[in-house]
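The values are calculated or read from the model by the stated rules, or taken from the named source; none is laboratory data. Small disclaimer: the values here were computed from a predicted structure and weren't measured. All Cβ positions, glycine included, derive from the backbone under ideal geometry; neighbour counts span all protein chains shown. Only protein heavy atoms, including side chains, enter the accessible area calculation; ligands, DNA and RNA are left aside. Shrake-Rupley method; radii C 1.70, N 1.55, O 1.52, S 1.80 Å.
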Amino acid sequence: MRKLKPANELEGVTIIKKLDDIPELKETLISIYETKSHKDVSRYSLLLAEHVLSLTGMPRNETVESCFSVSCAWQEGTAKFQEARQVAFALHRLAREETNPVYVLTYRTLGQIAATPHVKRHALVGSDYAVKLINRMYPNDLDKVREMREKQISLMQSV
């Protein structure tokens with residue numbers, strides 16, 4: 001059995017450090033992630049985005065929709081990763097302007113998801129942001145964290 005790289009060393013993308021999490025489920029997610037192609041992981045990230053939006057009830061705006069459209073276009077080979085980066089920057093800009101803390105974390109999650117075509121690892125950072133979102137919505141509730149990580153594992157396995 002090969003040893004996994006620590007999550008904070010994968011592809012040079014920083015992880016979220018302060019997170020109430022279930023480490024063994026996160027490691028399972030990373031193990032599955034490592035078997036997937038960049039396009040598979042991009043598909044996973046869009047499934048996660050849909051799940052997060054359904055949990056939060058955040059209204060979809062043009063920038064949120066562009067997260068989906070540019071990622072799909074990249075998967076089809078009709079968009080460049082630079083376009084995805086621009087959408088990610090726009091989502092992070094919305095996060096800085098937002099006052100609702102749940103929506104801030106939703107935008108942060110979507111920003112990482114939008115950046116996945118640029119660097120595959122952003123999908124895992126988006127997964128961590130989704131857990132941070134659960135931490136915010138359900139403080140000190142590791143059962144909700146477990147549900148989120150199990151959903152992420154299921155979604156990653158499905159692509």
Accessible solvent surface per residue of the chain, calculated while the other protein chains remain in place, 1.4 angstrom probe, Å²: 50
Could you derive backbone 3J(HN,Hα) for region 51-68 from the dihedral phi with the Karplus parameters 6.51, -1.76 and 1.60 (θ = phi - 60°), listing whole Hz in sequence and x where the residue is Gly or Pro? 5, 5, 5, 5, 5, 8, x, 5, x, 8, 10, 4, 5, 4, 4, 5, 4, 6
Give, in nm to one decimal, the length gained when the segment between N140 and S154 is fully stretched (0.36 nm per residue of separation minus the Cα-Cα distance). 2.7 nm
For the chain, which whole percent of the accessible surface, found with a 1.4 angstrom probe, sits on carbon and sulfur atoms? 50
Out-of-range pairs (alpha-carbon distance over 23 Å; input K120/K144; K26/K151; K120/K151): K120/K144
Normalised by the number of residues in region 107-159, what is the relative contact order in percent for Cα pairs under 8 Å and 6+ residues apart? 26
Treating only Lys and Arg (+1) and Asp and Glu (-1) as charged, each at its beta carbon, one finds that the chain has a dipole about its Cα centre, in Debye to the nearest 20, of 380
Just need the relative contact order of the chain here, percent rounded to a whole number, with Cα pairs under 8 Å and 6+ apart. 34
Among H51, H92, S71 - extreme Cα towards positive end, dipole of region 10-113, charges at beta-carbon: H92
Let me know the shape class of the chain, please: from the alpha-carbon gyration tensor, a ≥ b ≥ c as square roots of the eigenvalues, rounded when a/c is under 1.5, otherwise prolate if a/b is greater than b/c, or oblate. oblate
With θ set to phi - 60°, apply the Karplus curve 6.51 cos²θ - 1.76 cosθ + 1.60 along region 77-86 and write out the HN-Hα couplings as whole Hz, x wherever there is a Gly or Pro. x, 10, 9, 8, 4, 4, 5, 5, 4, 5
For region 63-136: relative contact order, % (alpha-carbon pairs under 8 angstrom, 6 or more apart): 31
Within the chain, longest stretch clear of exposed trypsin sites (Lys or Arg not before Pro) (DSSP loop, no more than 14 other Cβ within 10 Å): 81-159
Charge dipole of the chain built from unit charges on the beta carbon (Lys, Arg +1; Asp, Glu -1), centred at mean Cα; most positive-end Cα among N61, Q157, S31 is S31
